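Colleague: Questions regarding the structure given below will be posed in turn.
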Amino acid sequence: MKVILPVAGKGTRLRPHTHTKAKSLVHVAGKTVLEHIISRLVPLAVEEYIFIVDENGSQIEHFMEQKFPDLTCSYIVQKERKGPAHAVWLASVNVAPGDDLLVVFNDTIFDADLSLIPRLCSDCDGLIYSKEVEDYQRFGVNVVKDGLIVNMIEKPDTPVSRLAQVGLYYLKDGCRFMEYLAAAIDAGDMVKGEYYLPAVFMRMLGDGLQLKAPEIDAWLDCGKPETILETNAYLLRGRHHIHGDSYNCVFIEPVHLERGVVVRDSVLGPNVSVAAGSIIERSIIRDSIVNGNSLVRNMVLTDSILGDNVHLISSARKMNIGDHSLIEMQG
């Protein structure tokens, strides 16, 4: 099996955290998004990881060399922003006859037993992993009949299906899939100037290929600040790890401190992760992510994300307040 990971893209919804780094290198629950994804793929004994990158590709390459030095990786630059299907098609130069493919987009972390792929795909041509959602109007959905996908609808107005596509795809015949991608690109099958995968899959369905829509156990969105905090809380469940140093502190589970973190005279939690090199002093923090080498002092934070090398410093207030007073401090 070969894995294609399109990691190009500006990650505009995650700004300012993606101004200086690739969006897949944003931290959540003690690891980067990319590390969470790769850790779920390693048990598959993947032959090659093919990264589709932009100008931040050197960051991805350096990260993989540091964290996963034993994996075989290649990097292809998407010089023109022509959409996700175009990005996947760029990997065709690395796909040989007999290769099966797993395509994994990096906006989401998934929970799914991928060891079941051979059984799930034994009698079909591919898998488009899905998750049942309530807000189906926000997603492209799979319409399933008798266990097979019969249609795909982008952001439906009516609940014809609640099975949202989650950005995880398996194709049994990699070369044939690349031929369908090339055909869609040659035909100029674009939406608002970009090529998307549903149009490619509909071509496959029209030719009689069979695709299934297995459901994943959890779909964890990392594309926006509010959803990455929700993902942080989900991944921290049952993972209360204090690997750093703490002095005179209270931790409300779950909290994840990496090695190299120092916390003094503070209250942290629930749902707080702090990356290596950071120092927190005389602060109260909950439902937040603090990235590496940051300093937080005399702060009360909630629902916050701090990037790398942030210094956030306040000072204690001195007050002299008489009886029957009401003080409300905003912000």
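The values are calculated or read from the model by the stated rules, or taken from the named source; none is laboratory data. Computed from a predicted structure; not experimentally measured. Virtual Cβ from ideal backbone geometry, glycine too; neighbours counted across all protein chains shown.
Colleague: What do you reckon, is VAL290 modelled with pLDDT of 95 or more, hydrophobic (A, V, I, L, M, F, W, C), touching a Ser or Thr at 6+ places or on another chain (Cβ under 7 Å) and under 19 Å from HIS243 (Cβ atoms)?
Modeller: no
Colleague: I'm trying to understand the selection: among the residues of the stretch 48-62, which are more than 14 Å from PRO6 (Cβ to Cβ), surrounded by 13 or more Cβ atoms within 10 Å (Cβ to Cβ) and modelled with pLDDT of 90 or more?
Modeller: GLU48, GLU61, listed by residue number.
Colleague: Can you report the number of residues in the stretch 295-312 which are farther than 13 Å from ILE284 by Cα and among the hydroxyl-bearing types (Ser, Thr, Tyr)?
Modeller: Of the residues in that region, 0 qualify.
Colleague: Please specify each residue of the stretch 164-176 satisfying the condition of being touching a strand residue (DSSP E or B) at 6+ places or on another chain (Cβ under 8 Å) and farther than 20 Å from ARG119 by Cβ.
Modeller: Hits for the stretch 164-176 are ALA164, GLN165, GLY167.
Colleague: Report, by residue number, each residue of the stretch 54-97 that is under 16 Å from GLU179 (Cα atoms), in contact (Cβ under 8 Å) with a residue 60 or more places away in the chain and not aromatic (Phe, Trp, Tyr). Don't jump to the end; show me each part of the working.
Modeller: The first filter runs over the stretch 54-97 and keeps only residues under 16 Å from GLU179 (Cα atoms), leaving 84-97.
The next check asks that each one be in contact (Cβ under 8 Å) with a residue 60 or more places away in the chain; those that pass are 84-89, 91-92, 94-97.
Across the stretch 54-97, the qualifying residues are PRO84, ALA85, HIS86, ALA87, VAL88, ALA91, SER92, ASN94, VAL95, ALA96, PRO97.
Colleague: Residues of the stretch 109-163 being of a type outside the set (A, V, I, L, M, F, W, C), touching a Ser or Thr at 6+ places or on another chain (Cβ under 8 Å) and modelled with pLDDT under 85, which ones?
Modeller: TYR136
Colleague: Still on this structure: Which pairs have Cβ atoms under 7 Å, sit 6 or more apart or on different chains, and link a residue in the stretch 189-203 that is in the same structural domain as ALA87 (by TED's automatic domain parsing) to one that is part of a strand (DSSP E or B) and modelled with pLDDT under 85?
Modeller: Between residues of the stretch 189-203 that are in the same structural domain as ALA87 (by TED's automatic domain parsing) and residues that are part of a strand (DSSP E or B) and modelled with pLDDT under 85, the close pairs are PRO198/GLY140; PRO198/GLU154.
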